[in-house]
Every structure is written in C-alpha cells, then in structure tokens.
1. Taking the Cα-to-Cβ direction at LYS137 and at LEU171 and moving 7 Å from each Cα, how far apart do the two end points lie in nm?
2. Would you mind counting up the charge near ARG74? Only other residues with Cβ under 12 Å from its Cβ, with Lys and Arg at +1 and Asp and Glu at -1.
3. Between LYS144 and LYS100, what FRET efficiency follows from the Cβ-Cβ distance if R0 is 45 Å, with the result rounded to 0.05?
4. Please say if the chain is rounded, prolate or oblate, where rounded means a/c under 1.5 for a ≥ b ≥ c the square roots of the C-alpha gyration tensor eigenvalues, and otherwise the choice is prolate for a/b larger than b/c and oblate otherwise?
5. Under a GNM of the chain (C-alpha, springs under 10 Å), which listed residue has the highest mean-square fluctuation: PRO81, PRO28, PRO134?
6. Write down the accessible area per residue of the chain in Å², having rolled a 1.4 Å probe over the full set of protein chains.
7. Using a Gaussian network model on the chain with a 10 Å cutoff between Cα atoms, which of ALA199, ALA113, ALA75 fluctuates the most?
8. Nearest 0.05, what FRET efficiency do ASN206 and LYS50 give at R0 = 41 Å with Cβ-Cβ as r?
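The values are calculated or read from the model by the stated rules, or taken from the named source; none is laboratory data. What you see is a predicted model, and the numbers here were worked out from it, not measured in a lab. Neighbour counts are summed over all protein chains in view; Cβ atoms, including those assigned to glycine, are modelled from backbone coordinates with ideal geometry. Only protein heavy atoms, including side chains, enter the accessible area calculation; ligands, DNA and RNA are left aside. Shrake-Rupley method; radii C 1.70, N 1.55, O 1.52, S 1.80 Å.
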Amino acid sequence: MKVAVLDIKGKETGRKVELSDDVFAIEPNNHAVYLDVKQYLTHQRQGTHKSKERAEIAGSTRKIKKQKGTGTARAGSIKSPVFRGGGRIFGPRPKDYKLKLNKNLKRLARKSALSIKSKEQSILVVEDFNLEAPKTKDFINVLKSLGLENKKSLFVLADSNNNVYLSSRNLKRSEVVTSSELSTYKILNANSLVFLEGAVGGIESNLNK
C-alpha cells in the first residue's frame, strides 16, 4: 500500500511511501488487541490501595463491657468492625495487577491495530521535520495544516526530538512518541496516526522480527 508523503503545511511532496502489507494490511486479531489493551490499562494501576483491618487498628484490647447483663450484644474489643473507628471487614489489600503477554502476541496486536487504522484511512505520512524551539504555537500550526486541530492525533517519530515533544506536551488531543514507544492502546486511542517518514522503516522492522 502506497501513501503520499506530506510536508508540514499539508501539501504533497510528490513522494510516496510503501507500507508493508505484513504490518498494515493483515486480518486483525481482535482477541490479541483486547489482551494488549487490557495489559496496558492494568499496568497503569499502582495497586497500593489498603485499609486497616481490626488487627491493625490502634486501640485498647480491654474488654469494653461485661459479657452478660447489659441487654445488648456481647463485645470484646473496641477495634471490632461493628464499632465506629474499628477495623474494616474484607478491605482492599495491595495487589499486583501485572499481566504477562508474550512478544509475538503483542506484535500481532500492534499489527492488528495498525491494520484497523489503515483500513479506516486514518494514517498520514509527513516528511521529517524539526522545530527551532519548543513552542506550542508552532506545533498547533502543524496540526492546523494537516487538519488535525480538533482530532485526537498521535505523532510517531523515528528518534526522540525534544523540541517537538515539548511543543506538544500541553495539548490534550495530541501526543508524540517514538516508534519504540508505540503501543496498541495509543494507536487505537487516536483518531489519526501521523508517521514521520523516517519512522515507518523502524516500525516495520520492529514488528517483522
């Protein structure tokens, strides 16, 4: 599949990039996509939630009232969950939410996500560019030229570029990553994928291992 290469003003440069069918035109595997997205979301959880149970509450162990003759239920500890300030019954405990997936499944998931975006014609290829200084206004001008100012976009660079990254950091609808940071979740979460020309080869090389 061939895609025209655009400049940062949104005009065609006259060049085209060949996107590999093995990466951008496979039959999507929905279950692999589901598992990879699930792993990404679960890894965002810290798992540090914790509440104190009755054995962890600070308080006296003295029996608070006699066993019989009060007309109320017997009670042995002020730390009991039935009293205010007592421990919590079956409260949350620290948990590791990590989900292990093998590399081949994750590659299949990313290929599937890229194929879905390719089928939707949501992929743009832009010639490599750099900004003179980290200015959000300059990055917004690039978005406007590409018609993406009101869409969620994901820019994929071949290598880290501090000026481009810092220029986009304050924009809620745009994100800049390198080809090695590309994930299934980020691909599907964007309305449009913008690949810099130099990043295409790196993506295909990583996913065809």
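1. 1.5 nm
2. Values: positive: LYS63, LYS65, LYS66, LYS68; negative: none.
It works out to a net charge of +4.
3. Working: r = 43 Å, r/R0 = 0.94.
The value I calculate is 0.60.
4. Values: a/c = 4.23, a/b = 2.62, b/c = 1.61.
Judged from the Cα gyration tensor, the chain comes out prolate (a/c at least 1.5, a/b above b/c).
5. PRO81
6. Working: 13240 Å² over 209 residues.
Heavy-atom accessible area per residue stands at 63 Å².
7. Highest fluctuation of the listed residues: ALA75.
8. Details: r = 39 Å, r/R0 = 0.94.
So the FRET efficiency works out to roughly 0.60.
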